[in-house]
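> Take a look at this one; I'll ask things after.
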Amino acid sequence: MNLAFHGTADDKPRLPGSLHVNRMLSQWLEFSAEGFVTARPGKVELGQGILTALSQIVAEELDVALARVRLLPATTGTSPNEAVTSGSLSVQESGMALRHASADARGIFLSVISQRSGVSPEDIRVEDGAFIGPAGPLGSYWELAGQGLLEAEASPDARPKAPGARRLAGTSQPRLDLPAKLFGQGRFIHDLRLPGMLHARMIRPPAPGATLIDLAPTDARLVRDGGFLAVLAATEAEAERAAGRLRPRWSPGTGLPENTEAWLRAAPGEDSVVEARGETAPATITREFHRPYFTHASVGLCCAVALWEGATVQVWSHTQGPYNLRADLAKALKLPPENIVVRHAEGAGCYGHNGADDVALDAALCARAVPGTPVRALWTRAEELAYGPQSPAMLVRVEATTDEAGLITHWASHVRSNGHSGRPGRGAVATLLAAPWIEGGQPMPASINPPVAGGGGAQRNAIPGYDFPNLYVGLTRITDMPIRTSALRGLGALIHVWAIESVMDELAERAGMDPVEYRLRHLSDPRARVVLEKAADMAGWPGEGMGVAVARYKNLGAWCAVVARVEAEERVRCRHLWIAADMGEVINPDGAVNQLEGGALHGVSVALHERTRHDGTRIISDSWAEYPVLRFADVPAVTTALIQRPDERPLGAGEASMAPAIAAIAGGIFSALGTRPRRLPFTPENL
Amino acid sequence: MSFSLNGAEVSLPGGTSLLLALREYGLNGPKLGCGEEACGACHVLVDGVSLPSCALPVEAVAGKSVTTLEGLGSAEHPHPLQTAFLEEQAGQCAYCLSGIMISAAALLARGPRPSEAAVREALQPHLCRCHSHNRILRAVMRAIA
Ligand code: FES
Ligand code: FES
């Protein structure tokens, strides 16, 4: 989890979410005399609707109308440091911090107004920010706005509302940011136009490891730092043309593996044991699963704007972690972090660690050449698909042993993969794309895996949620990194849930049992059972072409089961998905459903379409033609049910459904074709 | 290059794609997503036909009528599609929606009550990587109902 990676306040009483490490109320909330309250979450809008959910939480606990809440985009120096907006953790970390801080703030104002008026707190109610006693209004947040009442550490004793008393949190409020985007009001970073701004385009080495040999003279406004090359121009069109005219000569690259699967088997790595209990036994079946590299492929292009003034630089970025980005910009630019301000600005949909941070360094390097002038750097489609971080190729082997009844007694698995996190701000060396190329730059560090307690990376969801008496899960983190890898929605879960559920299906068949029934025989987790039974029930399980899967995301997040119905003719099409999910308390049910459906369809795209292709030198899938994804014609119907549990901790929605969707499609393929897929994507050549 | 843009006559410098010319002019609706006519983010109406503007030279629209998202409607006077997209909360990041609403508007203008299959076909040039497709389909169907 994110917070595992930064500061602790372990000597202090535990406070919820990110409040624990950002303890001042004034870091989070500020009332204005004009009648609104500003909240400053450190989490950022990625298209997932988090700003709306957080506003609901604040309005709820303060007892003010939703329209009075204004959220400021995260900015280093002024917003609390909430590390990275990732892992479906924003409601847990930011939401729970804001809930507690708001409840505390309400309590502080209540006690001040009570003391001032002599009316006891029990006799005062709060209505849209006004504190009202038996004889009428006694004051308001707005009236006391300038009094510094929030210059205090949050108290562990604050008590947010009981679940039954909530009126806004738990309701489907419309997205606060959507109208501006539907009317073209310029809310995207791409729409940011600063006076005098120049446009930059970068010129990349054609292959990993290629270095710049020489560059023919040019009339373009060139920015060069070591092997980093870019051009500046007054308009985007001129910048594109100038970039196209440059004729750099590059050395051949260091080469990529010709065959990813063979490379995965043989590459050197670090071995570790993820989980071991009980004994091992001879396997009844052994199965292997392979997935290729794939990538984020957002519709938008990565973009950043930077402006230098003296020895300081401001950077507008759609990063997931403004403070983490700042830390790596500081390393790459050799500046103290205080000289850098990172301001979040909304980008296109973000599904993990994409090039947002990379382009921020590009913009900063370009703008350094023209102090006082803002520079907007924008990637091309080819950079998006071939130069941004990729989700690593992986290989999983599963061995399972059954008893006479066909039930599983022993389970062993081993995964080989590069690390799933190369995020900035966590190591001694900057992990931004351009960092190794600039003068004095250090080689890109091999990506790592967060620990299991933080959700894991390559090993995410490698531990089955079933009650297997004997279990062994091993991991080899491959330490050569020919292609830069990092976190993409679901991380390792995408292969593990599929591998686990595929073997469950196969063993169910051997045992002569229905796949749902077989799973239930191994599943004591009550919340997992509920979602599995619900999804099966909604789908009218069993049926022709149907497959099923269930998992608890990261083994500590939301529970989700998916039934898929597929049809297989010349290729496989997914026709319907039924999703049942339990994510504890849900702040905005419509937003949660939107996220669950988006994640599941993203799974359909990965299952049936996506693959980063490379030859022995470079990534060649650098256009939409070469990197096909799910389009309207192939989008299945989706039916979703939320198992709402207002008394339980909220868990994220964005990633829970993706891996089960992939696994359910694999099961559906077996039902339709009698073939069990072993390689993603499930295209005719792989089946 | 002179043409009608969202109902007003404009003259924009040539030698570039229509998309970059429109963005340089200050419009936010049409978006750059690929520049290779493969994602749909940049679609605009040219004489009522939804076209990618990223590879279309400005010269190609001389004397024609171009409509962008901004020309469909405004917060004060929303197009029925914009209203329907808000009602269905159709989208996540919304980067794709300008192009999608443009293609949907062209379809709606062609005739009454297109089938869901016709809507899917009209939207086939458009990617939505947040995968809000089903909501988008519902919103378009709502707007034409
Ligand atoms: S930007 Fe024109 S189709 Fe992608
Ligand atoms: S809503 Fe993000 S790409 Fe469609």
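> Right, A:L365: touching a helix residue (DSSP H, G or I) at 6+ places or on another chain (Cβ under 9 Å), on the phi < 0 side of the Ramachandran plot, among the hydrophobic types (A, V, I, L, M, F, W, C) and open to solvent by less than 10 Å² (accessible area, probe 1.4 Å) or not?
yes
> So A:P217 clears everything in (1) free of Cβ contacts under 8 Å to residues at least 40 places away in the same chain; (2) closer than 30 Å to A:F289 by Cβ; (3) not aliphatic (A, V, I, L, M) except one condition, right? Which one?
It fails just one condition, (2).
> Pick out the one residue from A:V604, A:V550 that is in contact (Cβ under 8 Å) with a residue 12 or more places away in the chain, within 14 Å of chain B (Cβ to nearest Cβ) and open to solvent by less than 20 Å² (accessible area, probe 1.4 Å).
Only one candidate qualifies: A:V604.
> Would you pick out the residues in the stretch A:546-595 that are charged (D, E, K, R) and assigned to a loop (DSSP other than H, G, I, E, B)?
Start the filter on the stretch A:546-595 by keeping residues that are charged (D, E, K, R), which leaves A:552, A:554, A:565, A:567, A:569-571, A:573, A:575, A:582, A:585, A:590.
The answer is A:E569, A:E570, A:R571, A:E585.
> If A:S298 satisfies all but one of (1) away from ligand 2 (no atom under 16 Å from the Cβ); (2) within 14 Å of chain B (Cβ to nearest Cβ), what's the number of the condition it fails?
(1)
> Mind listing just one residue for me: the one in the stretch B:12-47 that is open to solvent by 40 Å² or more (accessible area, probe 1.4 Å) and under 21 Å from A:A233 (Cα atoms) and, of those, nearest to the other protein chains (Cβ to nearest Cβ)?
Out of the qualifying residues, it is B:E24.
> Follow-up. Can we say B:E9 is on the phi < 0 side of the Ramachandran plot and more than 11 Å from chain A (Cβ to nearest Cβ)?
Yes, satisfied.
> Another question, then. Return only the number of the condition from (1) open to solvent by 10 Å² or more (accessible area, probe 1.4 Å); (2) touching a Gly at 6+ places or on another chain (Cβ under 6 Å) that A:V593 does not satisfy.
It fails just one condition, (2).
> Scanning the stretch A:232-254 for residues that are in contact with a helix residue (DSSP H, G or I) (Cβ under 8 Å, 6 or more places away or on another chain) and open to solvent by less than 20 Å² (accessible area, probe 1.4 Å), which turns out farthest from the other protein chains (Cβ to nearest Cβ)?
Step by step, filter the stretch A:232-254, then rank; the result is A:L232.
> Being of a type in the set (G, A, S), outside the structural domain of A:G490 (by TED's automatic domain parsing) and crowded, with 24+ Cβ neighbours inside 10 Å: is that true of A:G118 here?
The answer is no for A:G118.
> Only one of A:L407, A:L433 is among the aliphatic types (A, V, I, L, M) and under 27 Å from A:E261 (Cα atoms); which?
A:L433
> Additional query: Hey, A:A130 hits all of (1) closer than 18 Å to A:R167 by Cβ; (2) within 39 Å of the chain's Cα centre (by Cα); (3) open to solvent by 40 Å² or more (accessible area, probe 1.4 Å) but one; which does it fall short on?
(3)
> In the stretch A:39-62, what count of residues is obtained for those that are charged (D, E, K, R) and touching a residue at least 60 places away in the same chain (Cβ under 8 Å)?
3
> Restricting the search to the stretch A:164-181, which residues are basic (K, R), within 14 Å of another protein chain (Cβ to nearest Cβ) and touching a residue at least 60 places away in the same chain (Cβ under 8 Å)?
A:R175
> Residues being over 17 Å from A:R106 (Cα atoms) and open to solvent by less than 10 Å² (accessible area, probe 1.4 Å): count how many of those fall in the stretch A:23-48.
6
> Could you list, in sequence order, all residues of the stretch B:58-101 that are at the interface with chain A (Cβ under 7 Å from one of its Cβ atoms), aliphatic (A, V, I, L, M) and crowded, with 24+ Cβ neighbours inside 10 Å?
B:L69, B:A94, B:L97
> Mind listing just one residue for me: the one in the stretch A:245-293 that is among the hydroxyl-bearing types (S, T, Y) and touching a strand residue (DSSP E or B) at 6+ places or on another chain (Cβ under 7 Å) and, of those, nearest to A:S486 (Cα to Cα)?
So the residue we want is A:Y293.
> Between a first residue in the stretch A:360-386 that is within 16 Å of ligand 2 (Cβ to nearest atom) and a second residue that is open to solvent by 10 Å² or more (accessible area, probe 1.4 Å), which pairs have beta carbons less than 6 Å apart while being 6 or more apart in sequence or on different chains?
What qualifies is A:R381/B:C34; A:L385/A:D622.
> Can you tell which of A:P268, A:P282, A:P257, A:P292 is over 24 Å from A:P208 (Cα atoms) and either away from ligand 1 (no atom under 16 Å from the Cβ) or open to solvent by less than 40 Å² (accessible area, probe 1.4 Å) (or both)?
The unique qualifying residue is A:P282.
> Please work out which one of (1) among the small types (G, A, S); (2) more than 12 Å from chain A (Cβ to nearest Cβ); (3) more than 14 Å from ligand 1 (Cβ to nearest atom) is the condition B:S50 fails and give its number.
Failed condition: (3).
> For the stretch A:19-46, which positions are assigned to a loop (DSSP other than H, G, I, E, B) and either among the charged types (D, E, K, R) or within 14 Å of chain B (Cβ to nearest Cβ) (or both)? Steps first, please.
Pass one, the stretch A:19-46, residues assigned to a loop (DSSP other than H, G, I, E, B): A:21-23, A:32-36, A:40-46.
The answer is A:R23, A:E34, A:R40, A:K43, A:V44, A:E45, A:L46.
> Condition first: within 16 Å of ligand 2 (Cβ to nearest atom) and over 10 Å from the mean Cα position of the chain (by Cα). Can you find one or more residues in the stretch B:35-43 that meet it?
Scanning the stretch B:35-43 turns up at least one residue that is within 16 Å of ligand 2 (Cβ to nearest atom) and over 10 Å from the mean Cα position of the chain (by Cα).
> Right, something else. Only residues that are more than 22 Å from A:E153 (Cβ to Cβ) and part of a loop (DSSP other than H, G, I, E, B): list them for the stretch A:50-91, please.
Within the stretch A:50-91, A:D63, A:V64, A:A65, A:P73, A:V84, A:T85, A:S86, A:G87, A:S88, A:L89 qualify.
The values are calculated or read from the model by the stated rules, or taken from the named source; none is laboratory data. As the structure is a prediction and not an experimental result, all values here were calculated from the model. Cβ coordinates were reconstructed from backbone atoms using ideal geometry, including for glycine residues, and neighbour counts include every protein chain displayed. Ligands, DNA and RNA are excluded from the accessible area calculation, which covers all protein heavy atoms including side chains. Shrake-Rupley method; radii C 1.70, N 1.55, O 1.52, S 1.80 Å.
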